[in-house]
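Participant: Take this structure, written in C-alpha cells, and hold onto it; I'll ask about it next.
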Amino acid sequence: MLKGGSTLKALDVRLRLLRPFIETRRCFYNYCSGCGRRQQEQQPQQQRSFSNSIHRSYITFNDFRTKNRSYTKKELVGYSMLDMYSVVSDVSNYHRFVPYVKRSHVHSQESGGRDFRADLIVGFPPLNEAYTSRVTLVPPSLVKSECHDGRLFNYLLNEWRFRPGLKDIPNSCVLDFKVSFEFKSLLHSNVANIFFDLICDQMENAFIQEVRRRSGPPSIRSHVLTSQRS
C-alpha cells in the first residue's frame, strides 16, 4: 500500500517520464504489425499460432523496482532438432536475420568450434548495446550464450534447448527458449519493460522464419506449450 503524498508524487513523476516511451512502444508495435501483414501478403505461408505466442505487456509498479527480467517459452515446432540447431548456432550470421542485431562476429573458437566468443551489437529503441558473449554448443540439443561484461547489463543469458517432438512425426521437436538479464541501471530496466515482450517474441519468431527459409514449410503447426515472464 502506498503511503504519504511524497510517494504518490514520485510515482506520478516516473509515469510522466515514461509516457513518451509508452507512446513509442505503441507506434513501434503498430509498425511491426504492419510489416508482418505486408510480409504475409508477399509470401503466403502456413500461419503460426500467434494468438498463443504474442503476449501483451502489463506494466506494474513492481516492474519499476527491479533490474532483473526473464522470459521462458516451450514450444512444439514442425522442424527437426538439427534444423533448429543449425540456425540458432549460426551466430556469425545473426545480423542477417535476427531483428535488432546490427553486427555479429565470431572469434576465439575453442573445443573444435563448440565454445567460442562472439561480439554483437544490438540496437532497439531507445537502447544500443555492444557486448561479447561466451557461446557454448552441444549439437543438436543446446545453444547457450552468456555475457558478464556488458555496458548496460550485469549479465545476459540466452539459452535454446531442443528435444525430440512427436514420435510419429520425426521432423518435429520441442524447443525451450530462455532469456534472462539484469540491467546495471534501474532506468534502463524501466524502459526495457515497455518493449520486452514484443522484442522477445519477434526475435524468437525470426529464428523460426529463418528455418522455414532454409528448410521449407514446417511439418506441423507450431504450438506454445508453456510461456512465462518475470
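Participant: Counting other Cβ atoms within 10 Å, which trypsin sites (Lys or Arg not before Pro) in the stretch 141-171 have at most 16 and lie in a DSSP loop?
Facilitator: Arg151, Lys167
Participant: Under a 5 Å amide H to amide H cut-off, with H placed in plane at 1.01 Å, what residues pair with Gly165 once short-range neighbours are removed?
Facilitator: Correct list: Ser172, Cys173, Val174.
Participant: Return the whole-Å distance between the Cα centroid of the stretch 141-155 and the Cα centroid of the stretch 199-218.
Facilitator: Going from one Cα centre to the other spans 22 Å.
Participant: Let me ask another. With only Lys, Arg, Asp and Glu charged, each at its Cβ (+1 for the first two, -1 for the last two), find how big the charge dipole of the stretch 64-108 is about the Cα centre; round to the nearest 20 debye.
Facilitator: 460
Participant: Is the stretch 69-133 rounded, prolate or oblate when judged by the Cα gyration tensor, a ≥ b ≥ c being the square roots of its eigenvalues, rounded requiring a/c under 1.5 and prolate requiring a/b larger than b/c?
Facilitator: Cα axes put the stretch 69-133 in the oblate bin.
Participant: To continue, here is another question. In the stretch 65-197, carbon and sulfur make up what percent of the accessible area (probe 1.4 Å)? Provide the component values of the computation, followed by the final result.
Facilitator: Details: 2990 of 5880 Å².
Solvent-exposed carbon and sulfur of the stretch 65-197 make up 51 percent of the total.
Participant: Can you tell me the relative contact order of the stretch 146-230? Whole percent, Cα pairs under 8 Å, sequence separation 6 or more.
Facilitator: 22
Participant: What FRET efficiency comes out for Arg96 versus Lys178 if R0 is 22 angstrom and r is the Cβ-Cβ distance? Round to the nearest 0.05.
Facilitator: 0.40
Participant: Estimate the FRET efficiency between Tyr155 and Leu82 by the formula 1/(1 + (r/R0)^6), using the beta-carbon distance for r and 41 Å for R0, to the nearest 0.05.
Facilitator: Values: r = 30 Å, r/R0 = 0.72.
With a Förster radius of 41 Å, E is 0.90.
Participant: What's the FRET efficiency of Asp168 with Arg214 using the Cβ-Cβ distance as r and R₀ = 30 Å, to the nearest 0.05?
Facilitator: So, using R0 = 30 Å, E works out to roughly 0.80.
The values are calculated or read from the model by the stated rules, or taken from the named source; none is laboratory data. Not measured: the values here are computed from a predicted model. Positions of Cβ are generated from backbone atoms using ideal geometry, with glycine treated the same way; all protein chains shown enter the neighbour counts. Note: areas computed on protein heavy atoms with side chains; ligands, DNA, RNA excluded. Shrake-Rupley method; radii C 1.70, N 1.55, O 1.52, S 1.80 Å.
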